[in-house]
Amino acid sequence: MSIDKSSPSSPKASKGAQANMQWGGRFAAGPAAIMNEINASISFDQALWRQDIRGSLAHAAMLCKVGIISADDLKAIEGGLAGIAAEIEQGTFPFSDALEDIHMNIEARLSERIGEAGKRLHTARSRNDQVATDFRLWVRDAIDGVVAQTESLMATLAKRALENASQPMPGFTHLQIAQPVTFGHHLLAYVEMLGRDRSRLLDGRRRLNQSPLGSAALAGTSFPIDRHMTAQALGFDGPTRNSLDAVSDRDFALEFLGALSIQAMHLSRLAEEIVQWTSTPFNFASLSDAFTTGSSIMPQKRNPDAAELVRGKTGRITGDFIALLTVMKGLPLAYAKDSQEDKEPVFDAVRAITLSLAAMDGMVADITPNRERMREMAGAAFATATDLADWLVRELKVPFRTAHHVTGQLVAMAEKRDVALEQLPLEDMRTVEPRIHQGIYSVLDVDSSLASRTSFGGTAPENVRCAAQEWLARLNQA
């Protein structure tokens with residue numbers, strides 16, 4: 001069978017012929033069908049098309065400035081790439097598996113549209129530095145989006161914390177009631193966690209913000225290019241300093257996935273607490289129909305599926321991190337095709353974290369605390385016992401370890417009588433410690449306990465109000 005090789009898009013051209021055109025005549029025969037399937041990445045890396053066009057525009061402008069291509073070529077390239085962007089936006093772009101990836105698809109289409117000028121675009125670059133640049137741009141854009149969502153969730157949590165600055169709830173250790181805290185204080189704990197998540201993302205963004213463009217395949221190029229110009233045009237802080245490192249490492253993507261894994265873990269912890277709070281035994285809070293589902297067989301059920309799915313997506317995101325870490329662990333310098341496996345885990349993790357952040361933001365805004373139940377349980381299980389011990393130290397100058405022992409005896413007494421600490425008669429308390437006086441009762445109720453926790457970062461309602469307001473002010477400036 002004769003093959004018309006006049007154009008990669010010719011109706012008579014085979015997929016193998018299209019691929020051979022890109023390899024410049026090195027291969028006489030087309031690849032096996034299975035080779036096409038395992039080699040092609042266009043099914044997923046077409047997500048990089050915006051970044052690929054941005055990088056090509058910057059590269060073309062630089063080539064023109066240093067005299068490698070003409071002004072007419074630059075104009076044609078810019079017009080051709082604008083037309084390709086419009087085709088992709090409109091869904092009419094002819095993506096081809098035979099052209100392997102988004103870079104070769106766009107380049108081939110550009111040559112179809114503008115002829116020889118399109119073939120000059122790849123001067124002084126390789127797909128190796130091209131994909132490294134595109135991927136950094138994509139990850140940088142993704143970080144900006146995740147940071148914005150994180151800040152939105154932090155603001156929602158801080159607003160709810162301000163509303164609930166004095167709402168008592170039990171604080172737990174070992175999932176056993178420990179001491180009273182406020183619901184606002186509890187919510188602000190997650191603001192702090194998410195604040196560190198945001199910091200990790202922004203810190204990683206600063207590290208990735210170096211441009212690989214112009215590193216070429218692995219050794220740089222002999223053309224008199226200006227890498228600083230392209231780096232500036234693409235919003236990078238500067239060009240990468242070593243061409244081997246620039247094209248081969250994906251630590252910027254790993255750092256991103258690592259940060260997302262930690263953030264997903266934080267979201268999962270909050271999701272787990274929402275599941276607990278909305279369960280019948282806890283009954284601390286409820287979610288509306290907007291964030292719950294029913295049962296196919298039990299009509300009374302209201303299931304916190306949104307929270308459970310956020311919790312579940314943590315496995316996906318952590319798995320994506322481990323997948324890419326495993327891909328990269330054995331690769332010698334410089335580029336190897338294994339690195340093509342870098343994008344799908346990142347794309348998947350971003351989809352999962354984006355959905356999780358949106359769902360959590362909605363649930364936090366939606367959740368309604370059961371104030372009476374929270375208050376009741378805040379004082380349960382002798383939760384103010386530590387306040388009693390602190391009072392003994394403060395008022396009677398008892399060493400804390402002795403105060404701890406005395407308090408333990410009083411708790412045992414109350415437990416045996418099935419009463420709360422504040423219900424123990426003064427004369428009975430004095431059988432354990434004769435110096436105890438009426439003032440002890442001022443620290444045994446929940447509100448007094450909360451009000452006393454005024455140390456920096458403590459749960460006192462005024463602390464919580466100030467902390468929530470400070471976070472809201474900081475986030476408004478972000």
| note | In terms of the charge dipole of the chain, which places +1 on Lys and Arg and -1 on Asp and Glu at the beta carbon, the residue among A117, N476, P304 farthest towards the positive end is A117
| query | Considering only protein heavy atoms and a 1.4 Å probe, what is the carbon-and-sulfur percentage of the accessible area of segment 431-478? | reply | 53
| task | Whole number please: convex hull volume per residue, Cα atoms of segment 35-121, in Å³. | result | 86
| task | Once every Cα of segment 306-452 carries one equal point scatterer and solvent is ignored, give the base-10 log of I(q)/I(0) from the Debye formula at q = 0.09, 0.10, 0.15 Å⁻¹, two decimals. | result | -0.58, -0.62, -0.79
| query | Quick one: Karplus J couplings for segment 265-281, per residue in order, coefficients 6.51, -1.76, 1.60, θ = phi - 60°, nearest Hz, x for Gly and Pro? | reply | 4, 5, 4, 5, 5, 5, 4, 4, 5, 4, 4, 5, 4, 8, 6, 4, x
| task | Above 15 angstrom, tally the Cα pairs of segment 382-477 and express them as a % of all pairs, no decimals. | result | 64
| task | Answer with one residue from S261, A61, N370: the one whose Cα lies farthest towards the positive end of the charge dipole of the chain, charges on Cβ with Lys, Arg +1 and Asp, Glu -1. | result | A61
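Would you work out the charge dipole size for the chain about its Cα centre, treating the Cβ of every Lys and Arg as +1 and the Cβ of every Asp and Glu as -1, and quote it to the nearest 20 debye?
My answer is approximately 640 debye.
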| Spin-label pair R371/F44, simplified geometry with 7 Å Cα→Cβ offset, distance in nm | 5.0
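Tell me, what % of the accessible area of segment 295-342 is carbon and sulfur with a 1.4 angstrom probe?
Numbers: 1690 of 2900 Å².
Answer for segment 295-342: carbon and sulfur cover 58 percent of the accessible area.
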| said: Could you give the length gained by full extension between E427 and F282, i.e. 0.36 nm per residue of separation minus their alpha carbon distance, to one decimal place? | reply: 48.7 nm
| note | What the 10 Å binned alpha carbon P(r) of the chain shows, as percent of pairs per bin from 0, is 4, 16, 20, 17, 14, 11, 8, 5, 3, 1, 0
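If you take the beta carbon distance between D305 and E163 as r and set R0 to 30 Å, what does 1/(1 + (r/R0)^6) give as a FRET efficiency, to the nearest 0.05? Can you show the working numbers first?
Details: r = 25 Å, r/R0 = 0.84.
That gives a FRET efficiency of 0.75.
After finding the eigenvalues of the alpha carbon gyration tensor for segment 356-403, what semi-axes result from the square roots of 5 times each, listed largest first in whole Å? Don't skip to the end; give the middle numbers.
Working: eigenvalues 301, 39, 11 Å².
Output for segment 356-403: semi-axes of 39, 14, 8 Å.
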| remark: Here the Kirkwood hydrodynamic radius of segment 127-376, Cα-based and in Å, equals 20.2
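With a 10 Å radius around each residue's Cβ, average the other Cβ atoms per peptide and rank 359-368, 219-228, highest first.
Result, highest mean first: 359-368, 219-228.
Compute, for segment 382-477, the length of the dipole vector about the Cα centre, with Cβ point charges of +1 (Lys, Arg) and -1 (Asp, Glu) only. Units Debye, rounded to 20. Show your work: numbers first, answer last.
Details: 10 positive and 13 negative charges, 67 e Å.
Once rounded to the nearest 20, the dipole reads 320 debye.
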| message | At 222 nm, what value in deg cm²/dmol follows for the chain if DSSP H runs of at least 4 each add -39500 (n - 2.57) and the sum is divided by all its residues, to the nearest 500? | response | -20000 deg cm²/dmol
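Please calculate how many Å² of accessible area segment 236-372 carries per residue, with a 1.4 Å probe and no DNA, RNA or ligand atoms counted. Don't skip to the answer; put the middle values down first.
Working: 6350 Å² over 137 residues.
Here the per-residue accessible area is 46 Å².
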| What distance in nm separates the simple spin-label points at A219 and D144, each placed 7 Å from Cα in the Cβ direction? | 3.7
| query | Got a sec? Charge dipole of segment 140-261, +1 on Cβ for Lys and Arg, -1 for Asp and Glu; which of L208, A158, F183 is way out at the positive end? | reply | F183
| task | Mind scanning K65/K337; K119/K329; K75/K337; K65/K119; K159/K313 and naming the pairs with a C-alpha gap bigger than 29 Å? | result | K65/K337; K119/K329; K75/K337
| What is the spin-label model distance, in nm, from E37 to K329 if the labels are put 7 Å beyond Cα along the C-beta direction? | 2.9
| field | Rg in Å to one decimal, and Dmax rounded to a whole Å, for segment 320-406 via C-alpha atoms | value | 26.9, 73
| task | Take the Cα pairs of segment 37-79, get the Kirkwood Rh, then feed it into Stokes-Einstein at 20 °C and 1.002 mPa s and tell me D in µm²/s. | result | 182
| query | Going out from 0 in 5 Å bins, what whole percent of all Cα-Cα distances in segment 237-308 drops into each bin? | reply | 3, 13, 15, 15, 10, 8, 7, 6, 6, 6, 6, 3, 1
| request: Any chance you could check the Cα centroid distance between segment 124-160 and segment 198-237 for me, in angstrom? | output: 16
| Ranked highest first by the average count of other Cβ atoms within 10 Å around their residues, in what order do 186-192, 211-217 fall? | 211-217, 186-192
| request: Measure nothing fancy, just the Cα-based angle from helix 305-328's long axis to the longest principal axis of the chain, in degrees from 0 to 90, nearest 10. | output: 50
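What ranking do 166-175, 373-382 get when scored by the average of other Cβ atoms within 10 Å per residue, highest first? Each step should come with its number before you reach the end.
Numbers: 166-175: 16.8, 373-382: 18.3.
Top of the packing list down: 373-382, 166-175.
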| message | Counting only protein heavy atoms and a 1.4 Å probe, tell me what percentage of segment 35-121's accessible area is made up of carbon and sulfur. | response | 49
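Just the number please: accessible area per residue for segment 23-158, 1.4 Å probe, all protein chains included, in Å².
40
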| Hz values of 3J(HN,Hα) by residue in segment 443-449 - Karplus curve (6.51, -1.76, 1.60), Gly and Pro given as x | 10, 8, 8, 4, 4, 5, 4
| task | Rank these by accessible area, largest first, 1.4 Å probe: S70, S455, S268. | result | S455, S70, S268
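The values are calculated or read from the model by the stated rules, or taken from the named source; none is laboratory data. What you are looking at is a predicted structure, and each value in this text was computed from that prediction instead of being measured. Please note: Cβ atoms are built from the backbone with ideal geometry, for glycine as well, and neighbour counts cover all protein chains shown. The area values use the complete protein model at the heavy-atom level, side chains included, leaving out ligands, DNA and RNA. Shrake-Rupley method; radii C 1.70, N 1.55, O 1.52, S 1.80 Å.
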